[in-house]
Amino acid sequence: MPGHSPASPQTITPELRQWIIDQAGAGITAPALIEAMRSRGWNEDVAVRAVEDMLRARLDGLAQQQAQPPAVPMPEPDIAESPLFIDVGDRQVQVLLTMAQPRIVLFGNLLSPEECDTVIAGASTRMARSLTVVTQTGGQEINDDRTSDGMFFQRGESPLIQRIEERIARLLNWPIENGEGLQVLHYRPGAEYKPHHDYFDPTEPGTPSILRRGGQRVGTLIIYLNTPEKGGGTIFPDAQLEVAPQRGNAVFFSYARPDPSTRTLHGGAPVIAGDKWIATKWLREREFK
Ligand code: PD2
Ligand code: ZN
């Protein structure tokens, strides 16, 4: 470290500042840094101030990162003025809860009970054990972390699916073409979906081929098609939040980067009694073909 010679004044030089940053980056604690500086002739007040300045600059940097709106456009409902309802053309959707970081918004009344029943009926004859995308290969496989049955509707495959997709596009200000086909999942008692991120891991070898179809996922909307008797909430461990699965409601979350710093780890808690049906809409950066 840059020592201090008694002849020069005690000022925080760029060299000293860099040394403090490097040490802190290597995991040296603030008290240990101050002690190291003291033992090399630095005045304690100067050492404390230098370390405090460094910590403040780091915190400012972190706060900036979190407060900045993402540099890329993102799906986002119009909720800046805290409306209680959002008009999506054919329906007034309730805004029940919002969280900034992670970005989570809970909606009520997105689908009518009849629409929920019709989606379940249309899906139920086409269900198979759920597959998950394998980012190692770009393929799909049965996954023990996801003990539900599922199917995908084609985008716009029926007037009802089209109407729901138009509603979602308007609610989240995101092009209908950027959405994957609606996926329906059915969980029986005991079934769950262990915590995961919905974006594709950029470090996995199969991810580039997955991203060719519309880029990364940047948002998820999970629509509850029925109300299980017990259990089956959607959990967000980083936010210590659990969303109750109420028929017709939907939880939205977005992630500007494919990174855990988005704090969008989430899972489907085990269903304890009854069944659980959901429809998930994943939103891509670009047109999903
Ligand atoms: O069923 C859920 O609550 C759930 C939990 C986590 C659904 C998804 N992920 C999903 O469809 O991505
Ligand atoms: Zn998920």
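Every read-out reported here was derived from the displayed coordinates using simple, explicitly stated rules and does not represent laboratory data. All values derive from a computational prediction rather than experimental measurement. Cβ: placed from backbone, ideal geometry, glycine included. Neighbour counts: every protein chain shown.
Each residue in region 239-261 was checked for being over 21 Å from ALA169 (Cα atoms) and within 13 Å of ligand 2 (Cβ to nearest atom), and 1 of them qualify.
Among the residues of region 147-162, those that are surrounded by fewer than 16 Cβ atoms within 10 Å (Cβ to Cβ) and either in contact with a strand residue (DSSP E or B) (Cβ under 7 Å, 6 or more places away or on another chain) or over 17 Å from LYS289 (Cβ atoms) (or both) comprise PHE152, SER158, PRO159, LEU160, GLN162. Scan region 83-134 residue by residue and report those that are assigned to a strand (DSSP E or B) and in contact with a helix residue (DSSP H, G or I) (Cβ under 8 Å, 6 or more places away or on another chain). Hits for region 83-134 are ILE86, VAL93, MET99, ILE104, PHE107, VAL133. Of all residues in region 227-257, exactly one satisfies the criterion of being of a type in the set (Ser, Thr, Tyr), within 29 Å of LEU211 (Cβ to Cβ) and either within 9 Å of ligand 1 (Cβ to nearest atom) or surrounded by fewer than 21 Cβ atoms within 10 Å (Cβ to Cβ) (or both), namely THR234.
Sub-9 Å Cβ pairs linking a first residue in region 191-215 that is of a type in the set (Phe, Trp, Tyr) to a second residue that is part of a helix (DSSP H, G or I) and within 16 Å of ligand 1 (Cβ to nearest atom), at least 6 apart or interchain, are TYR199/THR262; PHE200/ILE210, ordered by first then second residue.
Cβ separations smaller than 7 Å between residues 6+ apart or across chains give the following pairs from region 259-280 residues that are assigned to a helix (DSSP H, G or I) to residues that are more than 14 Å from ligand 1 (Cβ to nearest atom): THR262/ALA256. Given the criteria within 16 Å of ligand 2 (Cβ to nearest atom), at negative phi and part of a loop (DSSP other than H, G, I, E, B), does PRO202 qualify? For PRO202, the condition - within 16 Å of ligand 2 (Cβ to nearest atom), at negative phi and part of a loop (DSSP other than H, G, I, E, B) - is not met. Quick one: count up the residues across region 205-238 that are under 20 Å from the mean Cα position of the chain (by Cα), away from ligand 2 (no atom under 15 Å from the Cβ) and closer than 21 Å to ALA191 by Cβ. The qualifying residues number 0.
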